[in-house]
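Enquirer: Starting off with a structure, shown below.
Here, each number is a calculation from the coordinates, and none is a lab measurement. The shown structure was predicted, so the numbers you read here are calculated from the model rather than taken from an experiment. Positions of Cβ are generated from backbone atoms using ideal geometry, with glycine treated the same way; all protein chains shown enter the neighbour counts.
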Amino acid sequence: GWIFQYALVDRTGKNDLAQLRALQDWFLKFELKSLPNVAEVASVGGMVKQYQVVLDPLKLAAYGLNQGQVREALLGANQESGGSVLELAGAEYMVRAGGYLKTLDDFRAIPLVARGNVPVRLGDIATVQVGPEMRRG
């Protein structure tokens, strides 16, 4: 059962529901879980921010693309890969490639295919925006 409930309220109006939820999920939750005798911290309410890709079916058809190709490009563009170890001047350095998407422009720039040596990018066939996760329940 519930033992303690609290609400994040911004009386200044400077933070929206997504910002309050991010504060809960990325800071407060971890601080509370580190306290003795706290078994779980369950976040409820607010708006969970997500990147949204809204495909334009006419543009997809015009470029001969489908949703599966877009999905694969998105998955391939947002990952990290390991490398090896570089030995230099008696020291070892870990080499890795980090390719995480961080901004809307990063998403828009993802290449999907090339047509006549010109890349078709996600921004050419979709609207990319930040919005709330769909609510359930």
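Enquirer: Quick check on the exposure proxy: order Tyr93, Tyr6, Tyr51 from fewest to most C-beta atoms within 10 angstrom.
Expert: Working: Tyr93 11, Tyr6 8, Tyr51 16.
Result, fewest neighbours first: Tyr6, Tyr93, Tyr51.
Enquirer: Viscosity 0.692 mPa s, temperature 37 °C: Stokes-Einstein D of the chain from its Kirkwood Cα radius, in µm² per second?
Expert: On the way: Rh = 19.1 Å.
The Stokes-Einstein estimate is 172 µm²/s.
Enquirer: Can you pull the one-decimal nm distance between simple spin-label points at Gln69 and Arg121, each 7 Å off the Cα toward Cβ?
Expert: With each label point 7 Å from Cα toward Cβ, the separation is 1.8 nm.
Enquirer: Then there's this: Within a 10 angstrom radius of the beta carbon, how do Asp105, Asp124 rank from fewest other beta carbons to most? Display every interim value, and only then the final one.
Expert: On the way: Asp105 10, Asp124 16.
Ranked by crowding around the Cβ, least crowded first: Asp105, Asp124.
Enquirer: Also, quick follow-up: Quick query: amide H of Gln52 versus all other amide H atoms, modeled in the peptide plane; which residues come in under 5 Å with a sequence gap of 5 or more or a different chain?
Expert: Under 5 Å from the amide H of Gln52 lie the amide H atoms of Gln129, Val130, Gly131, each far enough along the sequence or on another chain.
Enquirer: Continuing with the same structure: Student exercise: in the stretch 1-68, how many lysine pairs 8 or more apart or on different chains have Cα atoms under 25 Å apart?
Expert: Details: Lys14/Lys29; Lys14/Lys49; Lys29/Lys49; Lys33/Lys49.
For the stretch 1-68, qualifying lysine pairs total 4.
Enquirer: Provide the FRET efficiency to the nearest 0.05 for the Thr103-Val38 pair, computing r from the beta carbons and using R0 = 35 Å. Each step should come with its number before you reach the end.
Expert: Values: r = 35 Å, r/R0 = 0.99.
Between Thr103 and Val38 the formula returns 0.50.
Enquirer: Measure nothing but the geometry: give the 0 to 90° angle between the long axis through the Cα atoms of 67-77 and the longest principal axis through the Cα atoms of the chain, rounded to 10°.
Expert: Long axis of 67-77 versus the principal axis of the chain: about 70 degrees.
Enquirer: Can you compute the charge dipole magnitude of the chain about its Cα centre, using +1 on each Lys and Arg Cβ and -1 on each Asp and Glu Cβ, nothing else charged? Give it in debye, rounded to the nearest 20. Each step should come with its number before you reach the end.
Expert: On the way: 15 positive and 14 negative charges, 92 e Å.
Roughly 440 debye, rounded to the nearest 20.
Enquirer: Still on this structure, please answer the following. Using amide H atoms built in the peptide plane, which far-off residues or other-chain residues are under 5 Å from Val120 H to H?
Expert: Result for Val120 returns Leu112, Val113, Ala114, Arg115.
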